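Have a look at the structure below, then the notes.
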Amino acid sequence: MDLLLFHHDEYERLYNCSGFDAKLIPIEQRTHTLHGIFLIILFFVFELLYIPCMVSIYNNLNNPCYKLLFYIGVTDMLVMLMNGFETGLLSIVGAVFCTYTSLIYTSGSVGLSELLLAINRCLELVAPKYAHRIYHG
């Protein structure tokens, strides 16, 4: 994200797609309709399941722990929007990196950071010694 936001010339040099033309690959080979529909359906199912949890957390916001849980829940719901709905939609339309450069770059950066955060959370619960070794700096 640093390249895209602060060093845009370097971003354009590295990610300009000058060596690739998306139109060379027929749209029929780029679209993955069933995969996209499956992701969008899963997105709606998980979002609907998340809503009652968020309502119950919201009702207990006077406790600082629930404030943190609410923040994590909002973040997770937004990430599911990217990882489920956006990825499904891009699969259906047959998008590749060179057709939506900034959108896919930004989504990939945010998605990767959320994946690393999830791995960090799991390691902190399951194996704190390894989490300390990996993430201590």
Exercise. Does Leu42 fit the bill of being of a type outside the set (Phe, Trp, Tyr), over 21 Å from Tyr100 (Cβ atoms) and in contact (Cβ under 8 Å) with a residue 24 or more places away in the chain?
Worked result: yes
Problem set entry | Residues located in segment 64-82, provided they are surrounded by 15 or more Cβ atoms within 10 Å (Cβ to Cβ), over 15 Å from Leu117 (Cα atoms) and under 13 Å from the mean Cα position of the chain (by Cα) | Met82
For this session: Return yes when Ser107 is out of contact with any Gly (no Cβ under 9 Å at 6 or more places or on another chain) and assigned to a helix (DSSP H, G or I) and no when it is not.
Result: yes
Exercise. Only one of Phe70, Phe85 is out of contact with any Gly (no Cβ under 7 Å at 6 or more places or on another chain), in contact (Cβ under 8 Å) with a residue 40 or more places away in the chain and of a type outside the set (S, T, N, Q); which?
Worked result: Phe85
For this session: Scan segment 92-107 for residues that are closer than 30 Å to Cys53 by Cβ, surrounded by fewer than 16 Cβ atoms within 10 Å (Cβ to Cβ) and either among the β-branched types (Val, Ile, Thr) or in contact (Cβ under 8 Å) with a residue 40 or more places away in the chain (or both) and jot them down.
Result: Thr106
Problem set entry | Residue among Leu89, Leu61, Leu42 that alone is surrounded by fewer than 16 Cβ atoms within 10 Å (Cβ to Cβ), modelled with pLDDT of 90 or more and outside any helix (DSSP H, G or I) | Leu61
For this session: Search segment 19-37 for residues that are without any contact (Cβ under 8 Å) to a residue 12 or more places away in the chain and pair each with any residue that is surrounded by fewer than 12 Cβ atoms within 10 Å (Cβ to Cβ) and charged (D, E, K, R) when their beta-carbon atoms are under 6 Å apart and the residues are at least 6 apart or on different chains.
Result: none
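The values are calculated or read from the model by the stated rules, or taken from the named source; none is laboratory data. Predicted model only: the values in this text are computed from it and were never measured. All Cβ positions, even for glycine, are placed from backbone atoms using ideal geometry, and neighbour counts span all protein chains on display.
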